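Everything on this sheet refers to the single structure shown next.
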Amino acid sequence: MQPFTRQTSIVLPIDRANIDTDAIIPKQYLKAIGKTGFGPNLFDDWRYLEPGEPYMDHSRRQINPDCILNDERYLGAGILLTRDNYGCGSSREHAVWAMVDYGIRVVIAPSFADIFFNNTLNNGLLAITLDTTIIEQLFAEVASNEGYTLTVDLEAKTITTPKGEVIPFEIEAYRRKRLLEGLDDIDMTLLQANAIRAYEERRKAKVPWLF
Amino acid sequence: MNKTLYDKLWDAHVVRKNEDGTNLIYIDRHLVHEVTSPQAFEGMRLTGRQPWRKETILAVPDHNVPTTDRRVSPTDPAARLQLQTLDSNCTEFSITEFPIHDVRQGVVHVIGPEQGATLPGMTVVCGDSHTATHGAFGALAFGIGTSEVEHVMATQCLVMKKSRSMLISVEGKLGAGVTAKDLILHIIGQIGTAGGTGCVIEFAGDAVTELTMEGRMTVCNMAIEAGARAGMIGVDQTTIDYVKGRPFAPRGEMLTKAEIAWRELHSDPKAKFDRIIRINAAAIEPQVSWGTSPEMVVGVRGVVPDPAQEQDSVKAESIRKALVYMDLTPGTSINEIAVDKVFIGSCTNGRIEDLRAAAALIRDKKVAKSVTQALVVPGSGLVKQQAELEGLDTIFKEAGFEWRQPGCSMCLAMNADRLASGERCASTSNRNFEGRQGQGGRTHLVSPAMAAAAAVYGHFVDVREIA
């Protein structure tokens, strides 16, 4: 996993609550057996005018000019700003793969759905929760300043606005460490192999029907 | 003792408490399907790892499978490849799979309980958010992402933090014609689609304990639509009677031993929950969702809401967007809404009891001419077999329904079963998100009886008035 330390980039504002993972990556793209190449299909139903299928050349599809992803102001954005309960619904990790493949490394919202939140961590995508008042402020600033960029520093746990305002954020220590170091979670758990085996022995004595 | 059911399940599965506040949690059952597993198997291959306990894994293809003629492969090459990939991965890693031609094949959350592969006291995971279903058995069951699928395969564990606990106590009796589906839709309408975020919800109270296991599974299934990590219900005689005799369940002396342990799987009388919500069962009407989130739901005698009446500006905007997508006008009576298609099935409502409830409504009736397609997709091959034994297939077919092969089908429209843009569907599934049943499709979530009634009348009707 790619470590995350610091990111400075344009902010893409999607002003909508309860964005579900079906919207982030529609089901037809879930038939893939790899983890890459989902970027062109991030928010596919919103982004293009005609329905999409995996085998299409997406660069030739007709784009929806009303969709914010197609607004030139926000092209190349690496930070997504959105509303409550982002990533609700389906557990599909494809939603995170699509965001990362598109170039998003940070997502900022007042709250996230649980499974989505775990999936971000496993793919080096930094999910930051901020108070609604700060989210409101950021939406207002993005809207009124073309080329608005934020600098997110995970080491310092801060977000810096173009005016130099520093917004601190909270993140659980283990999440921060994993993101900073880009650690392989499975390797880490396998270091506990003896503890797992010992647990299995204890458990087998208590609930033998599960073994 | 003052432990919640969740406390008991959690404590029994802690392998190790880590210094950083996380816990290594042991997983007893891992259910696998074709959509969220290929990248996990690929990861195992690339790192040269083997499953830690392959006998805990049960795999089945369900999301992509055609529900029409099974002798023909899906015409979609991507779907075909994904199905073949599951088969070959299961062969390579020696994992038990119910392949497409096996009568036990079906929706993963239907077959787990049906086989006794889901047992009380277990931790159950699957790369699917509706894994919450299995919590109906007094189990801790939750959906995971593909990275976690690989993690569980390789280590039999997950790194987790404990969630908060929420008790939803449904007191009194559900009225006639009001089902488990109406109950859970009503709850989601009350607490919202993020109401359970960060929580594990235990459902309790007379109205819940009176439900059959099928009904309990419907309730727990949709805990995720309230944002909860898991839903669960304590073990009682109903649970034990359901589990006994199933192929993967313990037998003989082992069963006797298990039964003693299972009977402890309920919250203690003095257990403390972080949040308690009380619901009056008698006040619940048959529900119909009107919007693009499961919280956008109203009783069948209600009307489509007006965003102008909503104080919260973000919510008002959500309502406005939903009404545009759904092509509905504020103030429209729910029973005036006409449907083009009807879908009965899914991990929420694809069990035998659901099919019986729907069949009872349509016996000697016909699907309305205005309804262009009415589908019944049994949750599993065994549900289908049982329904056919009871003659339900004949009732459905004579009424004008199509009787299909088991799978996820139009719940998420990954296979060929889907809505065309602008089509409106009465669906027994779990999500009414934009495009969920097909791009531009409009979903109204209802119970099986309400879906069947909508098929007959061509619009929503209160099942209590026609029963």
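The figures follow:
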quantity: Relative contact order for chain A, counting Cα pairs under 8 Å that sit 6 or more residues apart, in percent; calculated: 26
quantity: Karplus (6.51, -1.76, 1.60) ³J(HN,Hα), θ = phi - 60°, over the range B:128-138, in Hz, Gly and Pro reported as x; calculated: 6, 5, 7, 4, 3, 2, 6, x, 4, 9, x
quantity: Cross-link reach list, aspartates and glutamates versus B:Lys321, counting only Cα pairs under 17 Å and skipping chain neighbours closer than eight places; calculated: A:Asp15, A:Asp20, A:Asp22, A:Asp45, A:Asp66, A:Asp84, B:Glu295, B:Asp306, B:Glu310, B:Asp312, B:Glu434
quantity: Charge dipole magnitude, Cβ of K and R +1, D and E -1 - the range A:6-210, Cα centre, debye nearest 20; calculated: 840
quantity: Viscosity 0.890 mPa s, temperature 25 °C, Stokes-Einstein D of chain B from Kirkwood C-alpha radius, µm²/s; calculated: 110
quantity: For the protein assembly as shown: rounded, prolate or oblate by the Cα gyration tensor [a/c cutoff 1.5]; calculated: rounded
quantity: Cα→Cβ-extended label distance, 7 Å offset, between B:Asn280 and B:Val324, nm; calculated: 3.8
quantity: Lys/Arg +1, Asp/Glu -1 at C-beta; the protein assembly as shown dipole; positive extreme among B:Thr146, A:Leu42, A:Leu130; calculated: B:Thr146
quantity: Global geometry of the range B:263-392, whether rounded, prolate or oblate, following the gyration tensor of its Cα atoms and the 1.5 cut on a/c; calculated: oblate
quantity: Distance violations [Cα-Cα > 21 Å] among B:Lys8/B:Lys161; B:Lys8/B:Lys270; B:Lys173/B:Lys384; A:Lys204/B:Lys8; B:Lys8/B:Lys54; calculated: B:Lys173/B:Lys384; B:Lys8/B:Lys54
quantity: Residue-span extension gain [B:Gln84 to B:Asp306] - 0.36 nm each, minus C-alpha spacing; calculated: 75.1 nm
quantity: Shape call, the range A:47-154: gyration tensor on alpha carbons, a/c limit 1.5; calculated: oblate
quantity: Fluctuation leader among A:Ile24, A:Ile33, A:Ile134 - chain A, Gaussian network, Cα springs under 10 angstrom; calculated: A:Ile33
quantity: Translational diffusion coefficient (Stokes-Einstein; Kirkwood radius from C-alpha pairs) of chain A at 4 °C, 1.567 mPa s, in µm²/s; calculated: 69
quantity: Ranked order, A:Met1, B:Met153 - accessible area, probe 1.4 Å, largest first; calculated: A:Met1, B:Met153
quantity: Of A:Asp153, A:Asp44, A:Asp131, the one that fluctuates the most in a GNM where chain A has Cα springs shorter than 10 Å; calculated: A:Asp131
quantity: Computed lengthening from B:Arg70 to B:Ala316, 0.36 nm per intervening residue step minus Cα-Cα distance; calculated: 84.0 nm
quantity: The range B:267-277 - phi-based ³J(HN,Hα) in whole Hz, Karplus 6.51/-1.76/1.60, Gly and Pro as x; calculated: 6, 5, x, 9, 4, 9, 10, 5, 8, 10, 10
quantity: B versus A: buried accessible surface, summed, Å² (probe 1.4 Å, to nearest 100); calculated: 5300
quantity: From phi via Karplus (6.51, -1.76, 1.60), per-residue ³J(HN,Hα) for the range B:234-244 in Hz, x at Gly/Pro; calculated: x, 7, 9, 4, 4, 5, 5, 4, 5, 6, 3
quantity: Estimated inter-spin distance, B:Asp20 and A:Lys177, nm [label 7 Å along Cα→Cβ]; calculated: 0.5
quantity: Long-range amide H partners of B:Leu375 with built H, under 5 Å; calculated: B:Val342, B:Phe343, B:Ile344, B:Glu402
quantity: Where B:Lys369, A:Lys206, B:Lys315 fall by accessible area, highest first, once all protein chains stay in place (1.4 Å); calculated: B:Lys369, A:Lys206, B:Lys315
quantity: Whole-percent carbon and sulfur share, accessible surface of the protein assembly as shown, 1.4 Å; calculated: 50
quantity: Near-label residues of the range B:419-443 by backbone N, under 16 Å of a point 7 Å along Cα→Cβ of A:Asn64; calculated: B:421-423, B:433-443
quantity: Label-to-label distance, nm, for residues given as B:Asp241 and A:Leu75 (7 Å Cα→Cβ offset); calculated: 6.6
quantity: Ranking by accessible area, most exposed first, for A:Lys177, B:Lys181 with a 1.4 Å probe; calculated: A:Lys177, B:Lys181
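The values are calculated or read from the model by the stated rules, or taken from the named source; none is laboratory data. Remember, predicted model here, so these are calculated numbers, not experimental data. Reconstructed Cβ throughout: ideal geometry from the backbone, glycine too, with neighbour counts over all protein chains shown. Calculation scope for accessible area: heavy atoms of the full protein, side chains included, ligands and nucleic acids excluded. Shrake-Rupley method; radii C 1.70, N 1.55, O 1.52, S 1.80 Å.
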